[in-house]
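Participant: This is the structure I want to talk about, given as structure tokens.
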Amino acid sequence: MKYKYWLHRMYLSNQEKWNLLQAFGSAERILGAGEEELEDASIIKGDKLQQFLAQRERFDVDREYEKFQELGIGLTFRMEKDFPRMLLHYANCPFGLYYRGTLREMNLMAMVGARRCSQYGKLMAKSISTALVKQGFGIVSGMARGIDGISQRTAIEEGGYTLAVLGSGVDVCYPPEHKGLYQAICDRGCIISEFHPGTEPLKEHFPARNRLISGLSTGVIVVEAREKSGSLITADFALEQGKDIYAVPGRMTDPMSKGCNRLIKNGALPILSVEELLTDIGEFAFPTETIFHNPIMETLEKENLLVYSCLDFYAIGLEEIIRKTNLDLLSVLSSITDLEEAGLIKEVFKNQYIRLT
């Protein structure tokens, strides 16, 4: 963990860190690698390699890791079991995530919207968040003023789980007036960030924050949004990631509804009632019963069992199935066909599958 923490602190991209780890086998080996070894790996080159070597020389691994441990902040990496698996499917997956609270593997719906929301927006955020929690979903958002905070506060009040993604370090509460909500999420949910502790909430951090909100979610719900807003950036990321986007429609003359109405015009699903929304997303509801003793598994042939066992109640891609099962492409596709015909799995996005039972 100490050496992975060191690699996470280096001024490299997420992909460069991951490629180095794949090439050298461990972060400790990267720390001890000579300049020629690093050059031969052809992952970081030229001036960037020199900058990396200089930073590595200055970084006191033992002292810095000891200081980090004193903060009482959790840290997980993309190769760890508790890392949010939904993020593994997308480009620029974080190499590591800091967190406070409890990371849980469950279906999350993203709820985002205007900071200066209307009374109508507040009512919709509360109603939708309450219904989703009762349906078994967690709420993921950015803990911002307005719709984000209302949705997450409602989830906690209803006894549900919520995950807040920050554009700052997890030890920096932003906005500052949300200290009570921040503590409640730490106690009954989770605060996460890919930014190092102490990082201030700079404007340029929020698009990266928004991509994680959409990446962690089953779908994205936009409650209220102006035509140009951070909520629409989150919706754009969701579109790139193949997620369903839902929007609460509003009056043509209301500037807080123009962004939502524009999303609907461009193909987002309008939320005409909470009941209709739940019907639409109900097939993704996280199971309340354990699946570890599923009697279906006893009836499946070997290859079908391998494929079925590696699936879950959130979407998993074809390449990930092949990697987990060590089967060839044709064998995996044959098993997928058998399992689909048996009504056990479903393709929810292109080459993305979920378990149905």
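Participant: Compare the Cα positions of I336, N351, L300 along the charge dipole of segment 295-355 (+1 at Cβ of Lys, Arg; -1 at Cβ of Asp, Glu; about the Cα centre) and return the one farthest towards the positive end.
Facilitator: N351
Participant: What is the dipole size for segment 139-253, taken about its Cα centre, with +1 at each Lys and Arg Cβ and -1 at each Asp and Glu Cβ, in debye to the nearest 20?
Facilitator: Rounded to the nearest 20 debye, it is 200 debye.
Participant: While we're on this one: Which entries in K81/K122; K17/K258; K126/K203 show an alpha-carbon gap greater than 31 Å? Don't skip to the end; give the middle numbers.
Facilitator: Details: K81/K122 36 Å; K17/K258 41 Å; K126/K203 27 Å.
Result: K81/K122; K17/K258 exceed 31 Å.
Participant: Okay, next question. Quick check on my link table: of K134/K243; K2/K350; K4/K179; K2/K48; K228/K346, which ones sit more than 29 Å apart, alpha carbon to alpha carbon? Please report the intermediate quantities before stating the final value.
Facilitator: Numbers: K134/K243 22 Å; K2/K350 39 Å; K4/K179 31 Å; K2/K48 23 Å; K228/K346 36 Å.
With Cα atoms farther than 29 Å apart: K2/K350; K4/K179; K228/K346.
Participant: Taking a ≥ b ≥ c as the square roots of the eigenvalues of the Cα gyration tensor of the chain, is the shape rounded (a/c under 1.5), prolate (a/b larger than b/c) or oblate?
Facilitator: It comes out oblate by the Cα gyration axes.
Participant: For segment 3-66, what class follows from the C-alpha gyration tensor (a ≥ b ≥ c being the square roots of its eigenvalues): rounded when a/c is under 1.5, otherwise prolate if a/b is larger than b/c, else oblate?
Facilitator: The shape class here is prolate.
Participant: Say we join alpha carbon atoms closer than 10 Å with springs in a Gaussian network model of the chain; which of L277, L344, L75 then has the biggest fluctuation?
Facilitator: Fluctuation is largest for L344.
Participant: Among N266, T253, S214, whose Cα sits farthest toward the positive end of the charge dipole of the chain (+1 at Cβ of Lys/Arg, -1 at Cβ of Asp/Glu, about the Cα centre)?
Facilitator: So the residue we want is T253.
Participant: Suppose every Lys and Arg Cβ carries +1 and every Asp and Glu Cβ carries -1, with no other charges. What dipole size does segment 2-70 come out with about its Cα centre, to the nearest 20 debye?
Facilitator: Dipole of segment 2-70, to the nearest 20 debye: 280 debye.
Participant: What shape does segment 104-182 have by the C-alpha gyration tensor, where a ≥ b ≥ c are the square roots of the eigenvalues, rounded means a/c under 1.5, and otherwise prolate means a/b greater than b/c and oblate the rest? Walk me through the intermediate numbers first.
Facilitator: Details: a/c = 1.90, a/b = 1.14, b/c = 1.67.
Since a/c reaches 1.5 but b/c is at least a/b, the shape of segment 104-182 is classed as oblate.
Participant: Could I ask something else about it? Could you put R29, R226 in order, starting from the residue whose Cβ has the fewest other Cβ atoms within 10 Å?
Facilitator: R29, R226
Participant: Below 8 Å between Cα atoms, with a sequence gap of 6+, how large is the relative contact order for the chain in percent? Please report the intermediate quantities before stating the final value.
Facilitator: Values: 612 pairs, mean separation 44.8, N = 357.
Relative CO of the chain lands at 13 percent.
Participant: Based on DSSP H runs of at least 4 residues, each adding -39500 (n - 2.57), what is the mean residue ellipticity at 222 nm of the chain after dividing by all its residues, to the nearest 500 deg cm²/dmol?
Facilitator: When only DSSP H runs of four or more count, the value is -13000 deg cm²/dmol.
Participant: Please state the charge dipole magnitude for the chain, taken about the Cα centre, from unit charges on C-beta atoms (+1 on K and R, -1 on D and E), reported in debye and rounded to the nearest 20.
Facilitator: Values: 41 positive and 48 negative charges, 294 e Å.
Roughly 1420 debye, rounded to the nearest 20.
Any read-out appearing in this document is the output of simple, stated calculations on the displayed coordinates, not a laboratory observation. Because the structure is predicted, anything quoted here is derived from the model rather than measured. Please note: Cβ atoms are built from the backbone with ideal geometry, for glycine as well, and neighbour counts cover all protein chains shown.
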